[in-house]
1. Starting from the Cα-Cα distance between GLU40 and ASN134, subtract it from 0.36 nm times their residue separation and give me the gain in nm to one decimal.
2. What is the log10 of I(q)/I(0) for the range 3-75, computed with the Debye formula using one identical point scatterer on each Cα and no solvent, at q = 0.14, 0.27, 0.28 Å⁻¹?
3. Multiply the residue separation of GLU76 and THR123 by 0.36 nm, subtract the distance between their alpha-carbon atoms, and state the gained length in nm to one decimal.
4. What order, most packed first, do the peptides 9-22, 112-125 have when packing is the mean number of other Cβ atoms within 10 Å of each residue?
5. When the helix-only estimate is applied to the chain (DSSP H runs of n ≥ 4, each -39,500 (n - 2.57), divided by the residue count), what is the mean residue ellipticity at 222 nm, nearest 500 deg cm²/dmol?
6. What do you get for GluC sites (Glu not before Pro) in the range 44-97 restricted to DSSP loop and a cutoff of at most 16 other Cβ within 10 Å of the site's Cβ?
Amino acid sequence: MKIKELSKASGIKAYTIRYYEEIGLLKPTRLESKYRIFQESDLLKLKLIKVLQYAMFDLKEIKVILESLELEASPECNEKIGIIIKSKIKMLLDHINNYQTIIKLINSVPLANNHIEYKENKTFFDEKLYMIVNDLYEKIEV
């Protein structure tokens, strides 16, 4: 299939597909007319790239994973992918913990029942909000 067909089948813009080719994630065959020809395996690879991006893998990590999948199984290959995956799992778990903390802090934001109550207790609400913002600020990576 040509790039337009692959784009339609995958929902990924043609310029993104060209970029993936440029950085070595995709390797279509070329006709004498210079048209790129993609296989079903390229569509599957595109889907894998998008799933890995959703899992917060960057393109360099994705390239290592894709290259490793094309090699014969070896201890070195396993180790390389294992390091990337373990690192990503740790990062995702850290994000989950941070999001859980954020949810707890947001849930603790005091809300007034009406504008009169807020006006009467504005100092309390502002101080509480300030404490929550400071807690969140310390937990995020700035």
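1. Numbers: separation 94, 0.36 × 94 = 33.84 nm, distance 5.06 nm.
Contour length minus Cα-Cα distance gives 28.8 nm.
2. Rounded to two decimals, the profile gives -0.44, -1.39, -1.45.
3. Values: separation 47, 0.36 × 47 = 16.92 nm, distance 6.03 nm.
Extra length from GLU76 to THR123 when fully extended: 10.9 nm.
4. Numbers: 9-22: 14.6, 112-125: 11.2.
Put in order of decreasing packing, that is 9-22, 112-125.
5. It lands at -23000 deg cm²/dmol.
6. On the way: sites: GLU61, GLU67, GLU70, GLU72, GLU76, GLU79; in loops: GLU72.
Passing sites in the range 44-97 are GLU72.
Here, each number is a calculation from the coordinates, and none is a lab measurement. What you are looking at is a predicted structure, and each value in this text was computed from that prediction instead of being measured. Ideal geometry is used to build each Cβ from the backbone, glycine not excepted, and the neighbour counts take in all protein chains shown.
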